[in-house]
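The values are calculated or read from the model by the stated rules, or taken from the named source; none is laboratory data. From a predicted model like this one, the values you see are computed outputs, not experimental measurements. Every residue, glycine as well, gets a Cβ built from its backbone with ideal geometry; the counts of neighbours run over all protein chains shown. All accessible areas refer to the heavy atoms of the entire protein, side chains included, with ligands and DNA or RNA removed. Shrake-Rupley method; radii C 1.70, N 1.55, O 1.52, S 1.80 Å.
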Amino acid sequence: MGKSYERGLATRRKVLGDEWVDRALASATPFNADFQKMITTYCWDGIWNREGLAHRTRRMLVLAMTAALGRWEEYRLHVRAALASGDLDQDDLKEVLMQTAIYCGVPAANTGFKEAREVIAELAADGKPAKAAKPAKGAGKRGKAKRR
């Protein structure tokens with residue numbers, strides 16, 4: 001299908017996992033096959049493989065944007081993939097949702113936390129627990145945030 005498609009497919013597999021990608025490709029029909037080719041080429045190669053942002057940063061952006069848009073199926077997919085791969089941990093996800101609350105609204109972040117808790121529980125039930133979040137230090141106290 002071309003080099004861009006092959007690069008995009010490799011990135012799609014790295015980000016979402018083989019199982020998800022295999023299911024998506026297996027469900028392709030004459031009706032949606034062009035769409036699968038387009039997102040693999042343009043999204044997964046043309047955007048995800050651009051220089052300038054690391055995949056980790058792109059993952060966090062996708063989580064914030066899908067939460068803001070209320071695209072909970074896509075959000076859950078990316079939460080699961082990020083936590084299962086170890087690219088993000090629960091603390092990273094928490095920080096994305098805290099930022100989302102301020103810029104996109106508390107209801108979006110509230111649902112984001114709920115959806116993420118469900119995914120975290122599903123991963124644990126599948127024997128693939130996500131790295132746990134650290135307990136909040138000085139809850140209720142004002143202090144300087146740590147910079148990474």
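One residue is enough: does segment 71-82 have a residue meeting the conditions in a loop (DSSP other than H, G, I, E, B) and either modelled with pLDDT of 95 or more or of a type in the set (Phe, Trp, Tyr) (or both)?
Applying the first criterion (in a loop (DSSP other than H, G, I, E, B)) to segment 71-82 yields 71.
Okay, now just the ones that are also either modelled with pLDDT of 95 or more or of a type in the set (Phe, Trp, Tyr) (or both), so 71.
Scanning segment 71-82 turns up at least one residue that is in a loop (DSSP other than H, G, I, E, B) and either modelled with pLDDT of 95 or more or of a type in the set (Phe, Trp, Tyr) (or both).
Cβ-Cβ below 8 Å, separation at least six or inter-chain, first residue in segment 96-112 and surrounded by 18 or more Cβ atoms within 10 Å (Cβ to Cβ), second polar (S, T, N, Q): which pairs? Sorted first by the residue in segment 96-112, then by its partner, the pairs are Ala108/Thr100; Ala109/Thr100; Gly112/Thr100. Among the conditions (1) more than 23 Å from Ala133 (Cα to Cα); (2) open to solvent by 40 Å² or more (accessible area, probe 1.4 Å); (3) of a type in the set (A, V, I, L, M, F, W, C), the only one that Trp44 does not satisfy is (2). Condition (residue is surrounded by 14 or more Cβ atoms within 10 Å (Cβ to Cβ), in contact with a Cys (Cβ under 7 Å, 6 or more places away or on another chain) and closer than 22 Å to Gly17 by Cα) applied to segment 48-63: is it met by at least one residue? No: segment 48-63 contains no residue that is surrounded by 14 or more Cβ atoms within 10 Å (Cβ to Cβ), in contact with a Cys (Cβ under 7 Å, 6 or more places away or on another chain) and closer than 22 Å to Gly17 by Cα.
Can Ala136 be described as aliphatic (A, V, I, L, M), more than 18 Å from the chain's Cα centre (by Cα) and open to solvent by less than 100 Å² (accessible area, probe 1.4 Å)? Judged against the criteria, Ala136 is a match. Failed condition for His55, given (1) touching a residue at least 24 places away in the same chain (Cβ under 8 Å); (2) farther than 29 Å from Asn110 by Cβ; (3) of a type outside the set (Lys, Arg), with all others met? Single failed check for His55: (2). In the set Ala67, Ala108, only one residue is in a helix (DSSP H, G or I), more than 15 Å from Trp20 (Cβ to Cβ), modelled with pLDDT of 95 or more and in contact with a Cys (Cβ under 7 Å, 6 or more places away or on another chain); that residue is Ala67.
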